[in-house]
1. So Gly252 passes all but one of these: (1) under 30 Å from Val150 (Cβ atoms); (2) within 16 Å of ligand 1 (Cβ to nearest atom); (3) of a type outside the set (Ser, Thr, Tyr); (4) modelled with pLDDT of 90 or more. Which condition number does it fail?
2. Which pairs do you get when a residue that is farther than 16 Å from Pro70 by Cβ and part of a strand (DSSP E or B), found in the stretch 170-192, comes within reach of a residue that is open to solvent by 60 Å² or more (accessible area, probe 1.4 Å) and within 8 Å of ligand 1 (Cβ to nearest atom), reach meaning Cβ atoms under 9 angstrom, with the pair 6+ apart or on two chains?
3. When you look at Ile306, is it under 27 Å from Met200 (Cα atoms), buried (at least 21 other Cβ atoms within 10 Å of the Cβ) and of a type in the set (Val, Ile, Thr), yes or no?
4. Out of Asp62, Asp98, Asp72, which single residue is over 14 Å from Pro130 (Cα atoms) and either surrounded by fewer than 22 Cβ atoms within 10 Å (Cβ to Cβ) or assigned by TED's automatic domain parsing to the domain that holds Phe188 (or both)?
5. Identify the residue in the stretch 12-41 that is part of a helix (DSSP H, G or I) and either crowded, with 20+ Cβ neighbours inside 10 Å or acidic (Asp, Glu) (or both) and, among all such residues, is nearest to ligand 1 (Cβ to nearest atom).
6. Please verify whether the stretch 154-164 includes one or more residues that are of a type in the set (A, V, I, L, M, F, W, C), assigned by TED's automatic domain parsing to the domain that holds Leu12, closer than 21 Å to Leu290 by Cα and within 15 Å of ligand 2 (Cβ to nearest atom).
7. Return a yes/no flag: does the stretch 101-113 have any residue that is more than 10 Å from ligand 1 (Cβ to nearest atom) and open to solvent by less than 20 Å² (accessible area, probe 1.4 Å).
8. In the stretch 231-271, what residues are open to solvent by less than 70 Å² (accessible area, probe 1.4 Å), in contact with a helix residue (DSSP H, G or I) (Cβ under 7 Å, 6 or more places away or on another chain) and within 25 Å of Ser141 (Cβ to Cβ)?
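The values are calculated or read from the model by the stated rules, or taken from the named source; none is laboratory data. Because the structure is a prediction, the values reported are computed rather than measured. Methodologically, a virtual Cβ is constructed for each residue, glycine included, from the backbone with ideal geometry; neighbour enumeration extends over all protein chains shown. Heavy atoms of the whole protein, side chains included, go into the accessibility calculation; ligands, DNA and RNA do not. Shrake-Rupley method; radii C 1.70, N 1.55, O 1.52, S 1.80 Å.
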Amino acid sequence: MKDALREACALLEQGEVVALPTETVYGLAADAFNPAAVAKVFSVKERPSFDPLIVHIASRGDLKRVAIVPDDIAETVDKLASNFWPGPLTLILPRHPDVPDLVTSGLPTVAVRQSAHPVFRAINKALGRPIAAPSANRFGSISPTSASAVLKELGGRIPLVVDAGACCEGLESTIISIEPREGKKPVFRLHRAGPVTKEMLQPFGKVEKVRDPVGQAPQAPGQLASHYAPRTPLVLLEKPEDFIPEEGKRYGLLSYTGSDDGRYVNLHDWETVESLSPGSGKLAEAAIRLFYVVRRLDEAGLDAIIAEPVSETGLGVAIMDRLRRAAAKPSTLS
Ligand code: TXA
Ligand code: MG
């Protein structure tokens, strides 16, 4: 592994892009201060340049290299960093002029987090510079939670994938921006639900969702309605009775527990059934397995994936967000 870290660092220093594990999903990393390297991230992912990247810092001290924290939210940023960094919380803050335009898509703000993954942290620290890293998938497709998933997405396009096994969170970081309020706790605008849940953020501020951008210019440009989509159509079945199978079509079920008293499992003679949390129904396990299971179903040659909803509390909010985006029609992609 030491050799892989050294090689990753050398490539990043040369302005190359490499896939690295984080605790959430695998990222496609580049030196955030090298615009040519950042440009490669966009071309490898086929990502439109209006969709900005997350910048990863090696230490809290590095925050001032990429963002300018206004006085009126400084205390809040400090509290959030103490409680959630290193970890899966991304903060949108006013950007430092050293951050290239390409990283932020010309926005006056920058998205920042500190990854908790030991391999990512070691490389970030050794490089001595912030790392810009989106999820290591082609634009609009499912985020990779293993090195083999990265290879399926980007194999042949990048010089190195550092394999550290499966990601322990399985969903992309929670993204918030902070609005101060006189004499009150701040408002956190939730740009993307993720492993740091509303319940976890509430002690520090009031959490409000950013309205979804269907049909409008998105607030968080990457939060397009159709995202995280498999190639096979995915239908999120909010009620079992809504399922009307077509003759001769092959359907696979994305089940929560695989044994839900027959509500979904016994609804149809499924080609295949995959469970997010087999038997037990634990949201944390479901989050870790979600992209892996959707990928497996996508590879099963089905006409459609029928997904069962999970309860929309805690981590279930982020899981349902990803399922809804996977189910949105590609035509809503602007
Ligand atoms: O867990 C994660 O966040 C992973 C790992 C690799 O760190 N990264 C990730 O990056 O999910 P990506 O590029 O797939 O998603 C980043 C999201 C996009 O939706 C983008 O629009 C949003 O962050 N974003 C970045 N900068 C922003 C900004 N200044 N304002 C609003 N949204 C921003
Ligand atoms: Mg992504």
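1. That leaves (2) as the condition not met.
2. Final answer for the pair search is His191/Gln219.
3. The answer is no for Ile306.
4. Selected residue: Asp72, the only one of Asp62, Asp98, Asp72 that is over 14 Å from Pro130 (Cα atoms) and either surrounded by fewer than 22 Cβ atoms within 10 Å (Cβ to Cβ) or assigned by TED's automatic domain parsing to the domain that holds Phe188 (or both).
5. Among them, the one singled out is Val41.
6. yes
7. Within the stretch 101-113, none of the residues are more than 10 Å from ligand 1 (Cβ to nearest atom) and open to solvent by less than 20 Å² (accessible area, probe 1.4 Å).
8. Residues satisfying the conditions are Thr232, Leu234, Val235, Leu236, Gly252, Leu254, Tyr256.
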